[in-house]
Amino acid sequence: MINPQRLLTTFLDLVRIDSPSGHEAAVAHYCCEALEAAGCAVAIDDTTATTGSDTGNLIAELTGEAAGKLYFSAHMDTVSPGEGIKPLVEAGIIRASGDTILGADDKVGIAAIIEMVRVLRENELSHPTIGILFSVGEEKNLRGANAMDATMFHGEPCFVLDSENQPGEVVVGAPYHNSFIATFRGKAAHAGVCPEKGISAIALAAAAINAMQLGRLDEVTTANIGTIAGGSADNIVADSCVVTGEFRSLHEQRLNEVGEMISAAIESAVTGTAGGVDVIWEKGYPGFLLDESHPVVQLALKAAERIGLPARVAVTGGGSDTNVFSDKGLQAVTLGTGMKEIHGLGECLAVDDLESLTQLIIQIVLDYR
């Protein structure tokens, strides 16, 4: 039912539109025109003051004759370097021909959803009402999804097209995510004349980091120090040092335990010294975890089986808009898209995967009862 050439053209059009986080207006305009032409009612929400983007999230709806409502979602922003993308198709693989990402993350999801709507209308297929959520700022800690008005959600199924997994694979779990900024306070002194009069904030930070458990803590829990910056000159004992880090877990209780471990390491580093530390704790996004037997998961798996895709579930260590939508009351899962090496210059997408993903979401719509 899909039009493969039109689908590919839509994807190539989308990746040629610059849309780094905060500058999604041009791609939002393209999507508005395409969805309105396919019969959708389209609106842009008023969230720019919250997200810092030059446009709001795109919220669209295709009214259906069948009962119920399904949401499909993708994000409009890309990471850097993502401007001036020149896509190239060779031997069935799409990649960027220059020194940029491809932008398959997440324009593969947008292209598939647009083609799905077109197919439903052109073939006059009976379907439930389709809600479409194209977010801004996903790559910036899920800003767009966090800013969306949750009052429009009433527990409907939601399929977020945003994963490196293969089409047919359903991501049923992703971690809770928190981060911190620790500013260690020492005392400046001349490092060559009177270092004993100083307190090295860098040494305090190092002691704290040394006391932390980092890396993969268990199968579904990780912790990392991301940046460390301090001092002003080699001959001055550093009076300030800022350390940032994050920690994730599929289980909220475990996340809290790791946070307590990091906090204890930080406090122990300054205890008994004349130094100090100020810590800012930031909640990033909530986690989610659905059982394989959940109706939404089964809907996606059975649709995949019906069209001959490998149907299986997976969990991921990365966050997506699915985390936020789950917290806002939707029954949300993430669908594998087939995009590879995202956020890097080697990012690519197989044309077959683009087509398979689109066929999958059409089948999900047709199977929904």
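Brief remarks follow.
- For Ile266: the one exception among (1) part of a helix (DSSP H, G or I); (2) closer than 19 Å to Thr227 by Cα; (3) of a type outside the set (S, T, N, Q); (4) under 23 Å from the mean Cα position of the chain (by Cα): (4)
- Ser240 vs. criteria more than 30 Å from Pro157 (Cα to Cα), hydroxyl-bearing (Ser, Thr, Tyr) and touching a helix residue (DSSP H, G or I) at 6+ places or on another chain (Cβ under 6 Å): yes
- Exactly one residue out of Val324, Val297, Val333, Val365 is among the aliphatic types (A, V, I, L, M), assigned to a strand (DSSP E or B) and buried (at least 19 other Cβ atoms within 10 Å of the Cβ): that is Val333.
- Residue check for Gly109: in contact with a Pro (Cβ under 6 Å, 6 or more places away or on another chain) and surrounded by 21 or more Cβ atoms within 10 Å (Cβ to Cβ): no
- Search result, residues across the stretch 226-265 that are crowded, with 17+ Cβ neighbours inside 10 Å and among the aliphatic types (A, V, I, L, M): Val237, Ala238, Val243, Leu250, Leu255, Val258, Ile262, Ala265
- Candidates in the stretch 200-213 are the residues that are surrounded by 15 or more Cβ atoms within 10 Å (Cβ to Cβ) and not in a helix (DSSP H, G or I); of these, the one that is farthest from the chain's Cα centre (by Cα) is Ser200.
- Under the condition of being under 18 Å from Gly318 (Cα atoms), touching a Gly at 6+ places or on another chain (Cβ under 8 Å) and of a type in the set (A, V, I, L, M), the residues counted in the stretch 150-177 number 5.
Taken together, the values in this text are just the output of simple stated rules run on the coordinates, not laboratory data. Nothing here was measured: the structure is a model prediction, and the numbers come from that model. Neighbour counts run over all protein chains shown; Cβ positions are idealised from the backbone, glycine included.
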